[in-house]
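Down below is the structure, laid out as structure tokens.
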Amino acid sequence: MSEHSIRVLIADDHPVFRFGMRALLESQPDLVVVAEAQDGEESVRLAQSLHPDVVVMDVNMLGLNGIEATRRITASDSDAAILVVTMFDDDTVFAAVQAGARGYLLKGAQGDETLRAIRAVANGEVIFSPGVAEKMMAYFARGMQAAPDTPFPDLTPREREILELVAQGLTNPAIAEKLILSPKTIRNQVSNIFSKLQVATRSEAIVRAREAGLGRQNT
């Protein structure tokens, strides 16, 4: 291993993806895989103990999700740059950025795009897939025109929509069915919402939301 090698930690709960990513990275002379993590908790532990340059982070993992793992890693003394790599081109990109991720890449990206993204975040750059970059630009353009008194400004549009449904008393499965999303995606989104609202329980979130005027049609 060269002293100039980029040390990478792969965090994903799918062994096939980890195998493919390791094979791609180990084909490059300047990239070294220092470890693999199969869930969020393990990724936090390994990032803090091994001090990789880059963590390739999945979003939807059992237990601690990739967004919260990113938040914990960036809040620690780790200097690792987080590159979120996920199947979902949705509003989780905003949660990832707020948690401290330097890049957001879709799993369908070509190998050379993935390698370029890893090297970019390792060098301190911020990088997003083209479609994701367009989504962010549109979001911030809307945000500049939004009313300054919008409740919970840290929430993404999707998170605000889900919080509205939570405030109406809908369960996670009911929200998933209504929005045509997977239950796992809703669980992760709700977890992100709780973190941003700084609440520990669903009832606390409902109280906060209803105090802000959400979900009142069902009260």
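The values are calculated or read from the model by the stated rules, or taken from the named source; none is laboratory data. Keep in mind the model is a prediction, meaning the values are calculated, not measured. As a convention, Cβ positions derive from the backbone with ideal geometry for all residues, glycine included, and neighbour counts pool all protein chains shown. Quick note on the areas: whole protein, heavy atoms, side chains included, nothing else; ligands and nucleic acids left out. Shrake-Rupley method; radii C 1.70, N 1.55, O 1.52, S 1.80 Å.
In this structure, the amide hydrogen of Ile6, modeled 1.01 Å from its nitrogen in the peptide plane, lies closer than 5 angstrom to those of Leu31, Val32, counting only residues at least 5 positions away or on a different chain.
Sorting Asp30, Asp79, Asp12 on solvent-accessible area from highest to lowest, probe radius 1.4 Å, gives Asp79, Asp30, Asp12.
Once a ≥ b ≥ c are taken as the square roots of the eigenvalues of the Cα gyration tensor of region 68-115, is the result rounded (a/c under 1.5), prolate (a/b larger than b/c) or oblate (a/b not larger than b/c)?
Numbers: a/c = 3.08, a/b = 1.51, b/c = 2.04.
In terms of gyration-tensor shape, oblate.
Note on Met61: accessible area is roughly 10 Å² with a 1.4 Å probe, heavy atoms of protein only. Simple rule: put +1 on each Lys or Arg Cβ and -1 on each Asp or Glu Cβ in the chain, find the dipole, and look at Ala167, Thr156, Val56; the Cα lying farthest toward the positive end is Ala167.
Which one, Gly20, Ser43, Leu31, is farthest towards the positive end of the dipole of region 4-43 when Lys and Arg carry +1 and Asp and Glu -1 on their Cβ? The residue sitting most towards the positive pole is Leu31. Considering only Ala205, Ala47, Ala37, the Gaussian network model of the chain with Cα springs below 10 Å gives its largest mean-square fluctuation to Ala205. Which residue fluctuates the most in the chain, going by a Gaussian network model with Cα springs under 10 Å, if the choices are Asn60, Asn172, Asn188? Highest fluctuation among the options: Asn172. Only beta bridges with both residues in the chain are counted; by DSSP, about 0 percent of them are antiparallel.
Spatial offset of region 159-219 relative to region 18-56 amounts to 33 Å, using the alpha carbon center of each. By a 1.4 Å probe calculation restricted to protein chains, Lys178 has an accessible surface near 130 Å², given to the nearest 10.
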